[in-house]
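Below you'll find the structure, written out as structure tokens, and then a few comments.
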Amino acid sequence: MKQAKATAAPGALKAAQLFTPCDPALLGFETTADIGDVTEVIGQGRALAALEFGSRTRGSGFNLYVLGSPGSGRHRVVREFLEREGADRAAPPDWCYVNNFSDPQQPLGIAMPPGRGAELRHDMRQLIEDLQASVPEAFQSENYRDRLSEIEGEFQARNTQALESLQKEAEAEGMGLLPTPHGFAIAPVRDGQVLPEEEFSALPEDQRVRATETIRRLTEKLRKHLENVPIWHRERRQRIKELDRDVIMLAVGALIKDLKLRYKGLPGIPEYLDRVQQDVLENVQDFRAVEKERGMLPLPMHAEPDERFRRYEVNVVVSHEQSRGAPIVYESNPSYQNLVGRVEHVSQFGTLSTDFTMIRAGAMHAASGGFLVLDAERLLLQPFAWEALKRCLFGGEVRTESMAQMLSLVSTQGLEPDPMPLQIKVVLIGNRLLYYLLCEYDQDFPELFKVAADFEDQIERSPESVRLYARMLATVGRQLDLMPFSVAAVARVIEHSGRLVADSDKLSTHLRSITDLMSEADYLAHQQAEEVVSDQRVDEAVACQVARLDRIRSRIYESIQRGMILVETDGARVGQINALSVMQLGAFSFGQPARVTATVRIGEGEVVDIEREVELGGAIHSKGVLILSSFLGSRYVRDMPLSLHASLVFEQHYGGVEGDSASLAELCALLSAISGVPLRQSLAVTGSVNQHGRVQTIGGVNEKVEGFFDICRQRGAGGDQGVLIPAENVPHLMLRKDVREAVGAGTFHVYPVRTVDEALGLLTGVEAGVAGDAGEFPEDSVNGRVAQGLRELAQQRREFGSRDGAAASGDGQP
Amino acid sequence: MIELAIKRKTRVLVALDPAAPMPSALEALTTLAADLSPELIGLFVEDANLRRLCSLSCVREVSMDTGIERGLDLGLMLNQLRVQRLRMERLLARAARQLRVPHRVEVIRGELVEELLRAAALTDLFLVGRASGMAGARSWMGSRLHELVGTVPGTVAIVHEPWRIGHRILVACDGDAAGRAALTLAARLAGSERVELVVALGDGGLSSAAKKAGLMATLARQAPLVDTRWVELGQLIPERLATLARGEQARAVVLGAGDPGAAAQMVEALLQKLCCSIVTVRPPPGAGSSGSAEGS
């Protein structure tokens, strides 16, 4: 029998290796009141460079997507960066909508220098107010009256002369020109009275004939004259119209000319003012009516603007009158209409009506010439908003239309305002998953969002960065109006930051978590009427945060203590081991010990993952289990088929199992079951393993160690308890103080392991055994017993196969 | 106030002549009769001449609007007259509501001028519309206009369409009782219409300075808020008055009618020359034809 060759068993970690403290002496202040604010963003050089490039480059599609975890302070950093960036830029033009006098359904858009949109609106209102006074005045002027009298007099004289001439001619022939209800008639008269029919009939024949002929002739003259009357009326009306026009031009022309001078050189304004002038000339009765109506109204009514003059309004949808620099718009509700604007309606007598004054700007309008910041997830959740944003960015213009119009769902007449030219940088802020999904599934996305600003979740921990971090904490504390933190408290926060990222060499950039902790510590200090937040309050704040979320963990640990969940912490068992898992419940995660068991029998080389069979195991977990089969076959029985059927199960786990961090534990349980060597139940194991038996890093190492420690402590276990962790996870250790104290006292142990052999040695107390040159393991080693067990299974299978084959051939013989 | 020395209720008669425009006459009525609380009477005369016209088969009517010639039918004409009468009744009723006075409409068949003169004899204010451009044809009173001016014991207003075409009230006054009555009415009109009053002083009666001082004192008492300008016109003849009225853009020319004949001639002449309203005012009963300026 070969002797087992020794493999060096790893020693337990010392207490100092379980935690990397922050030395307050390194920080160099007493309280945060002693240090100044920090202006730079810590550890986000990559993201800031991307922001700088994305915001300054002029190329098409260089919009930004800011990746990072929620709570990492992306919004604040982006906002502060853009404010600095935009401050030096020129304010963009105002954007106004005015009436399109040719087609009111298509309002005209006019770009104005910053602040001048409101000026134009004011000037137009003043113009209309002036016209309401000056137009009636012009019509009351003596000049107008004179000229009107001239026209009326001329027409009257022409008419009068003709009728008087006819009347005189009629009188000379014994006739009269008589008015009738609708005109005139020529009739024989005597003493001003029409000759009665009997007297006319009694006239001698020749007189009667002559009179009839005279009547016919004069009536014909009358007819010819009156035929001209409508023509004269038309001519008169035309001349009055021209007169009106001349008079209005005196009132309007000068005012419009003055406006043109004021807005000289601005594209579109002269043409618009020309159309206004034309429209005023065509609708002068509106202005004349105002004076009369004012006289009729009992009280002056200034509350509501006159509807008749709405068409001269200027709707300044985007005004930069009060702005400095480029606009930065954060739209928290990026719905379709909040992005592209909307056209409002008013109800009038049961119908909805609208005009250009009811066009409202969207965030795209407001941000043009600057930056639009949107939350990617909220944007994608809004119907059609993402499509609208892309359309605007591709088209370089923002077109305000309702969803119904966009989808061609309605055929009723609506407004189609001029699209506004768009010069914008869109900054989407979202999580990483969304970014990668968009890259994968939306072909427009990479074209429109070419710049990714990826925010780090953690930064390197060095003396410099720690000091900078402390200043950042001081700055944030002042921004949140917290009381000063002592240097020890700051150091404690920094340590907690390292724990948050589960890495003693890193610090968390998740600002929300840090500020929440500081706020809670500040609250506790206030409760104690302290003036400075101490490290004790920080510890209490951490404990309070845990305590608030601790209910589920407490129930699980209680179940373990009461034996309802089976976890042993002493003794040794074959095919049974304590694995460690991490349960994540919202913002709180904790380690949960779980029993893993393995059984073996003759088979065809399958290692069955029972979790997978019942669909409680995830793909990564299954992968870890499958690796075990490969490891077994390649390491122990290269020259014969693997002839076992093994089952692995997470006992009393009724939720899903994911991840491969239990694969080392599963392998150890399996090897124990094959070899029959019992495993110490005072130890728990975490770590993944590859096909060669190498132990690999896992996540949540701190929670796992602390989870098993808590169970052991509650049981008052004897002192040889501990946890096996991957050696590569040692830098991640930021364990609790009580764990460190237990390790220091030698009542709890943390073993770093690199290989499955090291783990087996610790778990079994037996040498794992190293293969010799021929590949044979020492017989008394764990590996030797495993190999022997597998060979025996193979032999049994072969024998079983022969017996079975013989029986089969015997059965076949006659 | 118009000084009407009568005890009975003031009667205002509006000639509802279908050929004369009503709206302006009624607009002027609301100004002229605002303080009178009168009895408002609309007089619609179905002219006997129209019936006679219809009986003459050789006579044809020529439409004023279209120049189309057609025969006259009595039934059709009576129907047209009825429609016109109803329309004017409505307008009169509206004016009466505005003045808050009672009104009634009298329909008379007969000789138009005779009937008007008969009704005018009991009238304090007589109004008739005057169509623009129809002055010659519509001077239906003809040579008997002076009879109307002489018959109406108060005021005759021939109201131009539109009423508010000018912006001053011009009154011709030579200081006699009729002139002072005209001045009083003109001052009230100017006050109501918020326009300037122009007084054209004639050279009859007293010396100009004394006359002007007396009239100014009267005006200062009666209409202290009215802007007044005085123009020495010398002889009050139609040509000068018409020139002045045109120059001043007169809305109405107010004349004293102490001598109805002269007033009628003046009215006829002014109607030919002016496009504005013309008002004649008779002196109050018992007033001398050439009393002192302070006498009214």
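Observations on the model:
- Pairs from the table (A:Lys506/A:Lys737; A:Lys14/A:Lys506; A:Lys506/A:Lys623) lying more than 25 angstrom apart at Cα are A:Lys506/A:Lys623.
- Ratio Rg/Rh, restricted to region A:554-796 and using Cα atoms, in which Rh is the Kirkwood radius: 0.96
- Taken over region A:515-554, the alpha-carbon convex hull comes to 63 cubic angstrom per residue.
- Amide proton proximity set for A:Ile429, modelled H, under 5 Å, gap of 5+: A:Val66, A:Leu374, A:Asp375, A:Ala376
- For A:Gln458, the residues 5 or more places off, or on other chains, whose built amide H falls under 5 Å of its own are A:Thr509.
- Ranking A:Val649, A:Val280 from most to least accessible surface, computed with a 1.4 Å probe over the protein chains only, gives A:Val649, A:Val280.
- Distance from region A:489-506 to region A:57-94 (C-alpha centre basis), Å: 30 Å
- Among the trypsin sites (Lys or Arg not before Pro) in region A:528-573, those located in a DSSP loop and surrounded by at most 15 other Cβ atoms within 10 Å of their own Cβ are A:Arg562.
- Distance cut-off 18 Å, percentage of C-alpha pairs in region A:613-670 lying past it: 36 percent
- Taking all protein chains together, A:Glu416, A:Glu530, A:Glu611 sort by accessible area into A:Glu416, A:Glu530, A:Glu611, largest first [probe 1.4 Å].
- Cut-off 13 Å between beta-carbons: net charge of the residues surrounding A:Arg512, Lys and Arg +1, Asp and Glu -1: -1
- In order along region A:108-117, the phi-based Karplus estimate (6.51 cos²θ - 1.76 cosθ + 1.60, θ = phi - 60°) of 3J(HN,Hα) comes to 8, x, 10, 8, 10, x, x, x, 8, x Hz; Gly and Pro are listed as x.
- Computed over the alpha-carbon pairs of region A:33-134, the distance histogram in 10 Å steps reads 11, 25, 22, 18, 15, 8, 2, 0 percent, short to long.
- Accessible area of chain A belonging to carbon and sulfur atoms, whole % at 1.4 Å probe: 50 percent
- Rounded to the nearest 10 degrees, the angle from helix A:205-262 to the longest Cα principal axis of chain A is 40 degrees.
- Global size of chain A: 48.2, 175 Å for Rg and Dmax (C-alpha atoms, Rg to one decimal, Dmax whole).
- Computed with a 1.4 Å probe over protein heavy atoms only, the accessible area of A:Thr755 comes to about 40 Å².
- Relative contact order of region A:554-796: 23 percent, from C-alpha pairs under 8 Å at least 6 residues apart in sequence.
- Mean Cα-pair separation over length for chain A, i.e. relative contact order, pairs under 8 Å, 6 or more apart, %: 18 percent
- Across q = 0.11 Å⁻¹, region B:164-281 modelled as identical point scatterers on its alpha-carbon atoms has Debye log10 I(q)/I(0) values of -0.29, in the order of the q list.
- Net dipole in debye of the protein assembly as shown [+1 Lys, Arg Cβ; -1 Asp, Glu Cβ; about Cα centre; nearest 20]: 2200 debye
- Taking amide H as placed 1.01 Å from N in the peptide plane, the amide H of A:His645 sits under 5 Å from that of A:Arg601, A:Ile602, A:Gly603, A:Gly605, each at least 5 places away or on another chain.
- Listed by chain and number, the lysines whose alpha-carbon sits under 22 Å from that of A:Lys450, ignoring those within fewer than 8 places in the same chain, are A:Lys390, A:Lys425.
- Surface accessible to a 1.4 Å probe, per residue, for the residues of chain A, Å²: 47 Å²
- Per DSSP, loop GluC sites (Glu not before Pro) in region A:35-112 with at most 14 further Cβ within 10 Å: A:Glu40
- Cα-Cα over 32 Å, subset of A:Lys224/B:Lys273; A:Lys221/B:Lys273; B:Lys9/B:Lys273: B:Lys9/B:Lys273
- Pairs of Cα atoms nearer than 8 Å and 6+ residues apart set the relative contact order; for region B:164-281 it is 36 percent.
- Degrees between helix A:782-812 axis and first principal axis of chain A (Cα, 0 to 90, nearest 10): 90 degrees
The values are calculated or read from the model by the stated rules, or taken from the named source; none is laboratory data. Just so it is clear, the model here is predicted, and its values are computed rather than measured. For neighbour counting, all protein chains shown are included, and Cβ atoms are generated from backbone atoms with ideal geometry for every residue, glycine included. Areas reflect the complete protein model, heavy atoms only, side chains present, ligands, DNA and RNA absent. Shrake-Rupley method; radii C 1.70, N 1.55, O 1.52, S 1.80 Å.
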